[in-house]
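Everything below concerns the one structure shown next.
The values are calculated or read from the model by the stated rules, or taken from the named source; none is laboratory data. This is a predicted model, so every value here is computed, not measured. A quick note on method: Cβ atoms are made from the backbone with ideal geometry, for glycine too, and the neighbour counts reach across all protein chains shown. The area values use the complete protein model at the heavy-atom level, side chains included, leaving out ligands, DNA and RNA. Shrake-Rupley method; radii C 1.70, N 1.55, O 1.52, S 1.80 Å.
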Amino acid sequence: MKKLESREDIELLVNSFYQKVIKDETIGFFFNDIAKVNWDKHLPKMYSFWESILFGQMTYKGNPMAVHFPINEMEAMEMKHFEKWIELWKKTIEENFVGENADTAIYKAENIARLMAYKMEMARKPG
Ligand code: HEM
């Protein structure tokens, strides 16, 4: 298996990941029905996001947390959803890649997911 080392690799990873996501019973509806994602716009953002994280090329400009608050208001984003997100991300990486960047992509996603889950839960608390 190959290393995760180029923009093309990231594109393959992200595309394969969202193919799983949109078919998934637990989280697919967030993308298909709640946010009604424009994939032509969303996918390039995700390529840049991961390129920035893994290769330090700061092509992603945005606030990855902020976009999730309005979704969380429409439909609570809970721990079970984040667990599924991570499960599919890990699976997609392990099916396609090996090496340090592959491990980092899993590790970073787990940390962001944990923080995001916490922030979404706090945002739902009254007061
Ligand atoms: C249950 C978990 C999650 C759900 C349901 C979810 C859903 C979404 C949706 C619907 C969008 C907006 C797409 C649009 O523009 O219409 C989005 C954007 C995004 N998500 Fe998530 N997400 C989840 C977890 C994560 C995690 C764990 C990460 C990071 C590791 C992440 C990173 C991003 C980024 C970078 C964007 C693009 C932000 C921008 O527009 O600049 N998401 N997500």
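Residue-by-condition table, conditions (1) touching a residue at least 40 places away in the same chain (Cβ under 8 Å); (2) open to solvent by 50 Å² or more (accessible area, probe 1.4 Å):
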{"position": "M46", "(1), (2)": "no, no"}
{"position": "G62", "(1), (2)": "no, yes"}
{"position": "E78", "(1), (2)": "yes, yes"}
{"position": "E83", "(1), (2)": "no, yes"}
{"position": "L88", "(1), (2)": "yes, no"}
{"position": "E95", "(1), (2)": "yes, yes"}
{"position": "G99", "(1), (2)": "yes, no"}
{"position": "E121", "(1), (2)": "yes, yes"}
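Does region 13-27 hold any residues that are surrounded by fewer than 16 Cβ atoms within 10 Å (Cβ to Cβ) and either under 18 Å from N96 (Cα atoms) or within 9 Å of the ligand (Cβ to nearest atom) (or both), and which are they?
N15, Q19, T26
When region 40-71 is examined, which residues are found to be closer than 21 Å to F17 by Cα, more than 9 Å from the ligand (Cβ to nearest atom) and modelled with pLDDT of 95 or more?
Once the filter is applied, which keeps residues that are closer than 21 Å to F17 by Cα, more than 9 Å from the ligand (Cβ to nearest atom) and modelled with pLDDT of 95 or more, region 40-71 yields D40, L43, P44, Y47, E51, S52, L54, F55.
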